[in-house]
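Rule-based calculations on the coordinates, nothing more; no lab input. Predicted, not measured: the structure shown is a model, and the values here were computed from it. Cβ: placed from backbone, ideal geometry, glycine included. Neighbour counts: every protein chain shown.
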Amino acid sequence: MALPERAVRAERTGWRDQEISARHRVWGFNCPAVDLDFLMVEYNLGKPVGLIEYKHHQAWEPNLKHPTYRALTELAELAALPFLIAFYWPDVWAFRITPVNGLAQSHFQDGEILTERAFVTRLYRMRALVIRDAVLLQLNDELPVDPFAGLVF
């Protein structure tokens, strides 16, 4: 049986729950969805304060004009939330930031690389809170040795 001209792409990575991923693809081209690398809602006292997609530093740079990111950006805008992508290095827990909307740009600069301590301090600032010294002391203050090694654009 031939696939329709605009068929749904097959699962590529195997990282996701295969059953729901495969089943959702049966629902057809006009019912698009995506499961992201690691999307988190940052919140304080039950109120959302930011939307962050965490990606390993060697992950592909996303196309922010893709419908997936346009939908997430619109969702963040409707909720008046900063939306950013944080590429991370798990060996030192440093982060390279891509602020997706204007609210995120008020907290982060595009492409800036932050230590874990600096990044978490900004997350506290997004919540209008001050980070405690006891927390700061637990956070890494190192940058990756070569932050641009292995980047795929």
With a Förster distance of 22 angstrom and the Cβ-Cβ distance between GLU61 and HIS107, calculated FRET efficiency to the nearest 0.05 equals 0.60
Which FRET efficiency, nearest 0.05, do ALA80 and LEU39 yield, Cβ-Cβ r, R0 25 Å? 0.90
If R₀ is 22 angstrom, what is the calculated FRET efficiency for the pair ILE20 and THR68, using the beta carbon separation as r and rounding to 0.05? 0.85
If you stretched the chain out fully between ILE131 and VAL145, how much longer would it get, using 0.36 nm times the residue separation minus the C-alpha to C-alpha distance? 2.4 nm
Rank these for me by crowding, TYR43, TYR124, going from fewest to most other beta carbons within 10 Å. TYR43, TYR124
Neighbour-count ranking [beta-carbon atoms within 10 angstrom, fewest first] of MET126, MET40: MET40, MET126
